[in-house]
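The block underneath contains the structure these notes are about, expressed in structure tokens.
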Amino acid sequence: MTTTLIDLIRHGEPEGGPMFRGQTDHPLSATGWQQMRGAIGDGEHWDAIVTSPLLRCAEFAREQSERLGVPLYTEPRLREIGFGDWEGHTTAQVMTTWGEALQRFWDNPVDHPPPGGESLAAFQARVTEAWHHWNRQLAGKRILVVCHGGVVRMVLADILETPLEAAFRTVAVPYASRSRIRLDESPHGRLACLLSHGLLEG
């Protein structure tokens with residue numbers, strides 16, 4: 001049997017505050033750096049790190065790669081969902097300008113993506129493709145994946161077999177929260193298990 005352990009961690013608070021950030025490339029704020037460093041426990045180690053290319057993930061991933069002396073892989077398919085016309089706008093601004101479209105999105109994100117944005121089905125497809133690729137490439141290792149809230153939701157939907165229409169709005173993924181997944185491969189098949197989810201305690 002081959003066992004692979006994966007820790008997904010969402011980035012911390014970015015500069016600019018809460019907004020529909022999507023693929024807008026803001027770095028971590030000072031608070032965000034604090035959150036990320038605080039989410040890594042003493043003595044933790046990984047064999048490899050995989051990261052979204054966006055600054056709020058990639059800069060922290062590079063720091064950890066250098067600190068631990070382990071390989072770093074940048075995966076473009078792990079970038080956040082594209083929010084189209086809403087990118088860089090706060091929820092209040094989007095409600096003012098695109099109120100009806102926002103309500104349709106929250107009611108049914110599968111059929112009503114943001115104007116000019118990425119469909120949830122396309123987002124799920126690229127994230128799931130990347131997720132399975134790196135599971136194969138790094139099988140048997142302990143992996144840290146630095147990514148986004150939407151990406152975490154798509155991975156958990158794959159693991160838990162959650163319907164896409166529910167996947168984007170039924171799991172809370174706070175800044176710097178972590179999800180630990182164990183994958184067991186044997187001649188009899190593959191078993192995927194969510195071991196933990198949420199903020200690191202202590």
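The values are calculated or read from the model by the stated rules, or taken from the named source; none is laboratory data. Keep in mind that this is a model prediction, so the values were computed, not measured. Here the Cβ positions follow ideal geometry from the backbone for every residue, glycine too, while neighbour counts run over all protein chains shown. Note: accessible area is taken over every heavy atom of the protein model, side chains too, but ligands, DNA and RNA are not part of it. Shrake-Rupley method; radii C 1.70, N 1.55, O 1.52, S 1.80 Å.
With r as the distance between the Cβ atoms of Ala92 and Arg67 and R0 = 45 Å, compute the FRET efficiency 1/(1 + (r/R0)^6) and round to 0.05. For R0 = 45 Å, the calculated efficiency reads 0.70.
Relative contact order, percent, of the chain when contacts are C-alpha pairs under 8 Å separated by at least 6 residues?
Numbers: 390 pairs, mean separation 66.3, N = 202.
Over the chain, the number comes to 33 percent.
Modelled spin-label separation between His197 and Arg169, with each label point placed 7 Å from Cα along the Cα-to-Cβ direction: 1.7 nm. A straight chain from Thr2 to Arg190 at 0.36 nm per residue would run longer than the Cα-Cα distance by 66.7 nm.
Counting only protein heavy atoms and a probe of 1.4 Å, the accessible surface of the chain is 50% carbon and sulfur. Net charge of the neighbourhood of Ala130, taken over other residues with C-beta under 15 Å away and scored Lys/Arg +1, Asp/Glu -1, is 0. Placing unit charges on the Cβ atoms of the charged side chains and taking the dipole of the chain about its Cα centre, the candidate lying farthest along the positive direction among Gly41, His11, Pro27 is Gly41.
As I understand it, the dipole of the chain uses +1 on the Cβ of Lys and Arg and -1 on the Cβ of Asp and Glu, about the Cα centre. Which of Gln137, Thr97, Val171 lies farthest toward its positive end? Working it through, the farthest residue towards the positive pole turns out to be Gln137. Taking the charge dipole of the stretch 34-152 about its Cα centre, with +1 at Lys and Arg Cβ atoms and -1 at Asp and Glu Cβ atoms, the residue from Ala125, Thr74, Gly149 reaching farthest to the positive side is Thr74.
Provide the net charge surrounding Phe83, with neighbours chosen by a C-beta distance below 11 Å and charges set as Lys +1, Arg +1, Asp -1, Glu -1. Residues close to Phe83 contribute a combined charge of -3.
With +1 assigned to the C-beta of every Lys and Arg and -1 to the C-beta of every Asp and Glu, and no other charges, what is the dipole magnitude of the stretch 91-202 about the Cα centre in debye, to the nearest 20? Before the final figure, lay out each step's value.
Values: 11 positive and 11 negative charges, 105 e Å.
Magnitude of the dipole: close to 500 debye.
Full extension of the segment from Glu15 to Thr128, taken as 0.36 nm per residue of separation minus the current Cα-Cα distance, would add 37.9 nm. In this structure, the amide hydrogen of Phe168, modeled 1.01 Å from its nitrogen in the peptide plane, lies closer than 5 angstrom to no residue at least 5 positions away or on a different chain.
Using the Karplus relation 6.51 cos²θ - 1.76 cosθ + 1.60 with θ = phi - 60°, the per-residue 3J(HN,Hα) values for the stretch 117-127 come to x, 7, 6, 5, 5, 5, 4, 4, 4, 6, 5 Hz, with x marking Gly and Pro.
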